[in-house]
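Trainee: Mind looking over this structure? Questions follow.
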Amino acid sequence: MRDKNEGTCLELAIALEVNKMYSWGGGTANWKKPDAYKYDSARAPYLDKLASAASARGGRAYAKRSSPDSKLVGTNGKVITTASENPIVFAIDVTGSMQDWPSEIFDRLPLLYQTLSQYRPDVEISFAAIGDANCDNYPLQVNNFGKGVELEDHIKALCPEGKGGGQYSESYELFGYFALKKVEMPNAKSPFLLVCGDEKFYSKVEPRQVEHYIGDRLQSPLEGKAVWEGLMQRFNVFFLHKPYESGNDPGIDREVVDYWAAAIGRQRIIELPGSDRVVDIAMGIIAKHWGQYGDFKDSMGSRQTDPAVRSAVYDSLRFIPDLSAASNRSVIDRPDSGGVSVPLDEMVDKP
């Protein structure tokens, strides 16, 4: 039987290996099949620059904060803006039932940014954290859009509070209101809004919460479902669904999925096989829309030699359309849409 110290050493060794694989720079020497994939050579100088900047900063550990950096992620009176044609808002539920999933996602930041910026060099990302406005101290945290190594600071500014109310709902609708009203992206052609979580949103956007955390005054509550319907006119919206804590009634997961499906459609809810595959699936969704799924699969095959791991990712992505490079404009701005937004479910194979 392995003693406690031996187990701790093994876990540390695995963590260090993961950190090497998902480090800044264009090298793939630490990947499981290092010769099977190479980043675009035209991007090599930029990736080298990222590696140098990251090295100058020191380690990449994300220490658990007792409070967020309000200068970076405070939301009252805030509007975030990007000139990018390809902005991404990536929001993560950081309540207790999410366990270590947020840190697993953050650890893969370099892979996420470097892969997507290879496909669209102007890509910018806003990271956000979602809690429960009924009981948490910091239920809404949103970064400005950023790119490159500065995203490390954005992630470190977030506080994964690890609380929540225990009623199978969190304040996704409050975040949704912020994303609907306080995100400006005048040049966006292929914007994405990805939310990773395991619970329902509350049915109403409460005026007192909006005023306290965002600064707007509402005359009456808004329907949470209507907020998400509005967001689908601005973004490619996906809910990345983490299974609820093991040992619970599987009916909870069905209830959560059905609830979200009523707002955004079942085809926009992507089942997650594990915390270490969230970033792969997020990249795969976007790569399919941008006509880069072949390159994504090459990268995946170089990083993961276990066919079961790859199969789990591909299975989660099976209903996402694989758009060709010739038709990779956003579903909200397709040439044949006549300027009218096109529901995503018209373009997705249904299960």
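Trainee: Is it the case that region 85-103 has a residue that's touching a helix residue (DSSP H, G or I) at 6+ places or on another chain (Cβ under 9 Å), surrounded by fewer than 21 Cβ atoms within 10 Å (Cβ to Cβ) and among the small types (Gly, Ala, Ser)?
Mentor: Yes: one or more hits.
Trainee: Assuming Tyr119 fulfils every condition listed in (1) among the hydroxyl-bearing types (Ser, Thr, Tyr); (2) surrounded by fewer than 16 Cβ atoms within 10 Å (Cβ to Cβ); (3) at pLDDT 95 or above apart from one, which condition is it?
Mentor: For Tyr119, the exception is condition (2).
Trainee: Here's something else I'd like to know. Mind counting the residues in region 41-61 that are under 24 Å from the mean Cα position of the chain (by Cα) and surrounded by 13 or more Cβ atoms within 10 Å (Cβ to Cβ)?
Mentor: Qualifying residue count, region 41-61: 8.
Trainee: Only residues in region 214-233 that are on the phi < 0 side of the Ramachandran plot count as the first member; pair them with residues that are assigned to a loop (DSSP other than H, G, I, E, B) and crowded, with 18+ Cβ neighbours inside 10 Å, Cβ under 6 angstrom, at least 6 apart or cross-chain, and list the lot.
Mentor: Taking only residues 6 or more apart or on different chains, the pairs are Ile214/Thr75; Pro221/Glu206; Gly224/Tyr202.
Trainee: Quick check on Leu72: is it in contact (Cβ under 8 Å) with a residue 24 or more places away in the chain and in contact with a His (Cβ under 9 Å, 6 or more places away or on another chain)?
Mentor: Here the answer is yes, as Leu72 does meet what is asked.
Trainee: Taking the stated definitions as given, is Asp253 touching a strand residue (DSSP E or B) at 6+ places or on another chain (Cβ under 8 Å), surrounded by fewer than 21 Cβ atoms within 10 Å (Cβ to Cβ) and modelled with pLDDT under 95?
Mentor: Spelling it out, Asp253 is indeed touching a strand residue (DSSP E or B) at 6+ places or on another chain (Cβ under 8 Å), surrounded by fewer than 21 Cβ atoms within 10 Å (Cβ to Cβ) and modelled with pLDDT under 95.
Trainee: Now, a different point. Take the residues in region 152-195 that are at pLDDT 95 or above and aromatic (Phe, Trp, Tyr), then tell me which one is farthest from Ala51 (Cα to Cα).
Mentor: Only one residue fits best here, namely Tyr177.
Trainee: Go over the candidates Lys32, Lys38, Lys64 one by one and state the one that is surrounded by 12 or more Cβ atoms within 10 Å (Cβ to Cβ), in contact (Cβ under 8 Å) with a residue 60 or more places away in the chain and not in a helix (DSSP H, G or I). Let's see the steps before the verdict.
Mentor: Working: Lys38 fails: in contact (Cβ under 8 Å) with a residue 60 or more places away in the chain; Lys64 fails: surrounded by 12 or more Cβ atoms within 10 Å (Cβ to Cβ).
From the options Lys32, Lys38, Lys64, the qualifying one is Lys32.
Trainee: Among the residues of region 4-31 satisfying the criterion of being closer than 17 Å to Pro110 by Cα and either touching a strand residue (DSSP E or B) at 6+ places or on another chain (Cβ under 6 Å) or among the charged types (D, E, K, R) (or both), which is modelled with the lowest pLDDT?
Mentor: Once the filter is applied, the top-ranked residue is Glu17.
Trainee: Mind checking which residues of region 99-143 are within 18 Å of Ser67 (Cα to Cα), in contact (Cβ under 8 Å) with a residue 40 or more places away in the chain and touching a Pro at 6+ places or on another chain (Cβ under 8 Å)?
Mentor: Those that are within 18 Å of Ser67 (Cα to Cα), in contact (Cβ under 8 Å) with a residue 40 or more places away in the chain and touching a Pro at 6+ places or on another chain (Cβ under 8 Å): Pro102, Ser103, Ala129, Ile130, Gly131, Ala133, Tyr138, Gln141.
Trainee: Within region 264-289, how many residues turn out to be more than 19 Å from Ala91 (Cβ to Cβ), surrounded by fewer than 21 Cβ atoms within 10 Å (Cβ to Cβ) and either in contact with a Leu (Cβ under 8 Å, 6 or more places away or on another chain) or small (Gly, Ala, Ser) (or both)?
Mentor: The number of residues fulfilling the criteria is 3.
The values are calculated or read from the model by the stated rules, or taken from the named source; none is laboratory data. Please read all numbers here as calculations on a predicted model, not as lab measurements. No Cβ is skipped: glycine too gets one built from the backbone with ideal geometry, and neighbour counts run over all protein chains shown.
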